[in-house]
1. Summing +1 for each Lys or Arg and -1 for each Asp or Glu, what net charge is found among the other residues whose Cβ lies under 9 Å from the Cβ of residue B:289?
2. Among A:44, A:11, A:249, determine the one that fluctuates most according to a GNM of chain A built with springs between C-alpha atoms less than 10 Å apart.
3. With each label point set 7 Å from Cα along the Cα-Cβ vector, what nm distance links residue A:307 and residue B:302?
4. In nm to one decimal, list the spacings between the residue B:274 label point and its equivalents in the other copies, with label points set 7 Å along Cα to Cβ, shortest first.
5. Once you've got the GNM for chain A with C-alpha springs shorter than 10 Å, pick whichever of A:262, A:67, A:23 has the biggest mean-square fluctuation.
6. Percentage of Cα-Cα pair distances in the stretch B:68-191 greater than 20 Å, rounded to whole percent?
7. Below 11 angstrom from the Cβ of residue A:279, what's the summed charge of the other residues (Lys, Arg +1; Asp, Glu -1)?
8. So what's the gap between the Cα centers of the stretch B:114-167 and the stretch A:220-248, to the nearest angstrom?
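Laboratory data are not the source of any read-out in this text; all were calculated from the coordinates shown. Remember, it's a predicted structure, so these values are computed and weren't measured experimentally. With ideal geometry, Cβ positions are generated from the backbone for all residues, glycine too; neighbour counts draw on all protein chains shown.
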2 protein chains.
Amino acid sequence: MSLPIEFTRIAKHFAPLAATGGLGLTDDAAVITPPPNRDLVITADAMVAGVHFLPSEAPESVARKLLRVNLSDIAAMGAEPLYYLLTVSVPRDVPEAWFKGFARGLAADQARYGVSLLGGDSTSTPGPVTVSVTMFGHVAPGAALRRSGAKAGDDLWVTGVVGDGVLGLWALRGERNDPDGSLANRYRFPEPRLGLALAGVAHAAMDISDGLIQDAGHMARASGVRLVIELANVPLSPAGRTEGADFVASGVAGGDDYELLLAVPPSNAAALQATARAVGVDVTRIGKFSAGPGDVSAVDMAGQPIELGRGGWSHF
Amino acid sequence: MSLPIEFTRIAKHFAPLAATGGLGLTDDAAVITPPPNRDLVITADAMVAGVHFLPSEAPESVARKLLRVNLSDIAAMGAEPLYYLLTVSVPRDVPEAWFKGFARGLAADQARYGVSLLGGDSTSTPGPVTVSVTMFGHVAPGAALRRSGAKAGDDLWVTGVVGDGVLGLWALRGERNDPDGSLANRYRFPEPRLGLALAGVAHAAMDISDGLIQDAGHMARASGVRLVIELANVPLSPAGRTEGADFVASGVAGGDDYELLLAVPPSNAAALQATARAVGVDVTRIGKFSAGPGDVSAVDMAGQPIELGRGGWSHF
């Protein structure tokens with residue numbers, strides 16, 4: 001890490017967040033002894049002002065969402081989080097208060113999720129605020145859950161409710177009412193579904209970031225099995241239920257939800273429900289995998305096919 | 001990792017670079033089994049177009065420098081590199097050829113340094129190209145070299161020559177002649193000083209990224225010992241020797257060099273020279289640590305104090 005001049009800033013705002021292995025954020029690199037007899041799970045996600053969050057968003061919220069989207073990837077592998085590294089590129093005129101708020105957000109979610117900072121880099125940029133995290137977790141050897149493990153006969157389950165993330169984004173853009181701000185907060189503060197005991201229970205897992213239909217399609221394709229989603233069973237919030245019949249089928253619902261999609265054999269349904277109950281998370285069966293080409297389709301309550309839109313998030 | 005739509009781009013340009021643990025870059029995270037009985041060394045560095053490299057720089061060069069500055073941090077801890085994660089934020093109008101060149105640069109230096117890609121993220125940005133790497137290495141337990149380990153009586157050594165990095169930057173800006181382009185290439189392609197057997201030989205190590213004087217000062221302060229640099233002994237290239245007497249003392253020399261500073265007890269000088277010879281790197285003794293407050297000063301050939309400038313790189 002270079003962490004050049006901003007020595008004072010780092011010492012003041014970020015060093016208090018450092019893990020022991022972060023060496024006070026003053027060395028060239030961090031040093032950790034990995035947990036013995038565990039695999040490491042490692043992910044990285046970046047966020048850019050104007051792309052992933054509104055430029056007006058509070059730095060505290062940006063920090064918390066940045067940690068949470070990365071934690072969600074750790075959860076999606078069935079792993080437990082440990083540490084993260086952070087790179088921050090900000091314009092020169094960003095005030096000290098921005099760093100203070102950003103660090104306050106990191107501190108809040110470090111405490112909430114039991115992770116700490118190993119190191120990183122801080123640079124100036126002539127462009128928008130750009131932040132990225134590399135997050136580490138650990139899992140029993142060979143127990144990491146991939147998205148390619150779904151098998152014919154598995155059911156598709158989803159945690160929580162689908163659709164409030166994108167509704168929150170619309171609310172923040174002023175395109176939807178949100179009297180108590182709860183939808184906006186759902187977009188700002190997704191809840192990584194950590195703590196579920198999924199090893200031996202689920203065959204495959206992934207988180208929903210781009211949209212339910214798009215991401216479920218990834219699981220079906222990666223697993224080489226056919227997936228039929230029962231749209232009427234997709235769990236929606238009261239706000240989501242006001243969106244009309246096409247909300248889920250269009251593909252937009254699920255973007256920024258960070259709920260987990262799980263492929264679970266029927267014989268493990270009770271075990272899934274038990275671990276979900278133990279951590280206070282709802283799980284709902286929303287589809288079925290069967291032998292066939294790796295693709296996704298949908299049916300209505302009567303089992304009649306419903307055409308799926310191509311909504312969902314794409315960067316390019 | 002979200003790696004959203006750019007699925008095709010990732011599959012085409014980046015998947016061929018992936019380590020086994022990268023799971024083809026198609027999953028939420030990478031999974032690795034850490035090398036048994038080793039500590040992990042982890043560092044992150046970001047680069048922004050217009051700040052860390054000229055916007056006109058070839059993507060291949062950007063990729064190679066990005067890997068090398070991170071590899072230099074691994075080298076500075078006395079570790080061996082393993083894997084990296086990559087986040088790339090680029091404007092929407094960046095052509096496919098940019099990614100092709102960037103991936104070609106990564107591939108070239110992956111082969112050169114024996115590292116491979118674990119995963120990452122790719123996003124759009126309304127700002128300049130912004131890239132960051134998190135690099136992993138491994139080292140014997142407890143053997144990572146910190147910058148805080150220098151002891152009174154140690155000599156300060158440096159690898160290679162000092163100053164060509166900043167001369168290369170000046171040449172690229174048109175502020176200095178560089179008939180054969182060798183200085184520009186020294187700036188573009190720093191050589192991470194991997195492979196030195198430093199465990200049990202050096203007490204402290206760090207790489208020079210911001211400038212020799214500034215970085216040597218960090219080592220002295222972190223170690224709580226006084227450092228006197230013998231300026232006449234600082235190794236310069238023929239180009240560096242044309243820069244005048246103040247080149248090193250001003251503090252600018254050493255920026256972007258990525259040479260190693262090493263604190264080595266006199267009894268280990270021969271061992272240092274032997275391992276340096278084995279990997280074909282020059283090492284030069286340029287100073288001495290002594291008991292006293294953690295600071296840096298300099299003397300000339302006659303041992304007379306020389307005033308040091310406050311040059312060196314700072315982001316804010």
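1. Every neighbour counted, the sum reads +1.
2. Comparing A:44, A:11, A:249 in a Gaussian network model of chain A, the most mobile one is A:11.
3. A separation of 9.1 nm, rounded to one decimal place.
4. Its label point is 6.2 nm from the equivalent points in the other copies.
5. A:23
6. Above the 20 Å cut-off, the stretch B:68-191 has 61 percent of its Cα pairs.
7. Summing Lys and Arg as +1 and Asp and Glu as -1 gives 0.
8. Result: 46 Å between the Cα centres.
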